[in-house]
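> Structure incoming, see below.
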Amino acid sequence: MLRKAKIAVFVSGGGTNLQALIDAEKSGIIKSGTLSLVVSNNEDAYALTRAQNAGIKTAVVSKKALGSQAAFEEGLVSVLSENKIDLIILAGFMCILSENFTKRFPKRIINVHPSLIPSFCGKGFYGLRVHEAAIEYGVKVTGATVHFVNEIPDGGEIILQKAVEIQETDTPETLQKRVMQEAEWLLLPRAAEMVSAEIVK
Ligand code: GAR
């Protein structure tokens, strides 16, 4: 193989999906890409500790500190170009990116979302809220989706999906955990490899 795609993972919180990516690179599931940078909008994100433990370079780009969406996105673009990043993975990144940002990276940003898109997605559907909505609606099957990111929140082309059954006793918390274990942590590394392989082809 000539080269590997350089991957940046954007995070905001606990980083279990980042951990799944780290483990997948170690085990060889991700072989066409390498995790080169972890970027958080939140300096207290535990995901940053996971990155440091794995020896991956980290950066914090804070919208609050930079003052505007435009300055925030410029900060992200600078750190990406400094590190010559080929692929951006949103793994629990709780900020919306504007068209101004997404159009610079066509088919080079992927996101994991904890539902079967087009259900329970778009503005306002993130984290536990997605699972609360699925339980409240009474759907019997939910799941996770990995998709390309464009200017429409959760609206880009779907790469992979996996269904997960909802049990009668589920709370948003138990459902979130099962969707992660049975779907997100498997799909995201597989999609990262698929897209990286395409980039280095
Ligand atoms: C994950 O369930 C991810 O799918 C979701 O937030 C959680 C982050 O967990 N993302 C979204 O809702 C984005 N719309 P993690 O920090 O442990 O990976």
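Please treat every number below as a calculation from the coordinates, not as lab data. Since the structure is predicted, the reported quantities are computational estimates derived from the model, not experimental observations. As a convention, Cβ positions derive from the backbone with ideal geometry for all residues, glycine included, and neighbour counts pool all protein chains shown.
> What number does region 49-201 give for Rg over Rh if you use C-alpha atoms and the Kirkwood radius? If you can, show how the numbers build up before the last one.
Details: Rg = 16.3 Å, Rh = 16.6 Å.
That ratio is 0.98, to two decimals.
> Another one. At 222 nm, what helix-only mean residue ellipticity would the chain give, in deg cm²/dmol to the nearest 500, using -39500 (n - 2.57) for each DSSP H run of four or more? Kindly include the intermediate steps, with their values, before the conclusion.
Details: 8 runs with 76 residues, N = 201.
Calculated mean residue ellipticity at 222 nm is -11000 deg cm²/dmol.
> Past 32 Å, Cα to Cα, is the threshold; run K57/K177; K63/K140; K31/K140 against it and keep the listed order.
Working: K57/K177 28 Å; K63/K140 38 Å; K31/K140 36 Å.
In this structure, K63/K140; K31/K140 lie more than 32 Å apart at Cα.
> Could you compute the FRET efficiency for S119 and T169, with r as their C-beta to C-beta distance and R0 at 25 Å, rounded to 0.05? List each step's numbers first, then the result.
Details: r = 21 Å, r/R0 = 0.85.
Between S119 and T169 the formula returns 0.75.
> Hey, if you drop one equal point scatterer on each alpha-carbon of region 8-61 and run the Debye formula without solvent, what base-10 log of I(q)/I(0) do you get at q = 0.14, 0.21 Å⁻¹?
Log10 of I(q)/I(0), two decimals: -0.30, -0.66.
> Give me the number: length gained by fully extending E151 to E198, i.e. 0.36 nm times residue separation minus the C-alpha to C-alpha distance, one decimal in nm.
Between E151 and E198, full extension yields an extra 14.7 nm.
> Another question, if that's okay. Counting only other residues whose beta carbon sits under 12 Å from that of N150, what net charge do I get with K and R as +1, D and E as -1? Walk me through the numbers before you get to the answer.
Details: positive: K103, R104, K107, R108; negative: E99, E151, D154, E157.
The answer is 0.
> If you don't mind, there's one more thing I want to ask. I need the per residue convex hull volume for region 135-188, using only the alpha carbons, in cubic angstrom as a whole number.
Value for region 135-188: 86 Å³ per residue.
> Taking the Cβ of L35 as the centre, find all other residues whose Cβ is under 11 Å away and add up their charges (Lys, Arg: +1; Asp, Glu: -1). Write out the running numbers ahead of the final one.
Numbers: positive: K4, K6, K26, R50, K57; negative: D23, E25.
Spelling it out: positives minus negatives among the neighbours equals +3.
> For region 76-121 and region 131-201, what is the centre-to-centre distance using only Cα atoms, to the nearest Å?
Rounded to whole Å, the Cα centres lie 15 Å apart.
> What distance in nm separates the simple spin-label points at R190 and T49, each placed 7 Å from Cα in the Cβ direction?
For R190 paired with T49, the spin-label model returns 3.1 nm.
> Let me ask something else about it. Can you put D170, D44 in order, fewest other beta carbons within 10 Å first?
Details: D170 18, D44 11.
By the 10 Å Cβ count, ascending: D44, D170.
> Name the most mobile residue of F93, F148, F72, meaning the one with the largest mean-square fluctuation, in a Gaussian network model of the chain with Cα contacts below 10 Å.
F72
> Taking every DSSP beta bridge that has both residues in the chain, what percent is antiparallel when rounded to the nearest 5? Numbers along the way, then the final one.
Numbers: 11 of 29 bridges.
Antiparallel bridges make up about 40 percent of those DSSP assigns within the chain.
> Follow-up. Just to be sure I understand the model, the point goes 7 Å from the Cα along the line to the Cβ. What's the resulting R104 to Y137 distance in nm?
3.4
> Working out 0.36 nm times the residue gap between Q181 and S81, then minus their Cα-Cα distance, what length gain in nm do you get to one decimal?
Numbers: separation 100, 0.36 × 100 = 36.00 nm, distance 3.30 nm.
So the extension gain works out to 32.7 nm.
> Pick from T171, T145, T102: which residue has the top mean-square fluctuation in a GNM of the chain where Cα pairs under 10 Å get a spring?
Judging by the Gaussian network model, the answer is T171.
> For L160, what residues show an amide H to amide H distance below 5 Å, using hydrogens built from the backbone and excluding near sequence neighbours?
Answer set, sorted by chain and number: V146.
> Continuing with this model, one more query. Based on the alpha carbons, how large is the Rg to Rh ratio for region 22-125 when Rh follows Kirkwood? Walk me through the intermediate numbers first.
Working: Rg = 14.4 Å, Rh = 15.1 Å.
Rg/Rh for region 22-125 comes to 0.95.
> Just grab the label-to-label distance for A65 and L128, each label 7 Å out from Cα along the Cβ direction, in nm (one decimal).
Using points 7 Å along Cα→Cβ, the separation is 2.8 nm.
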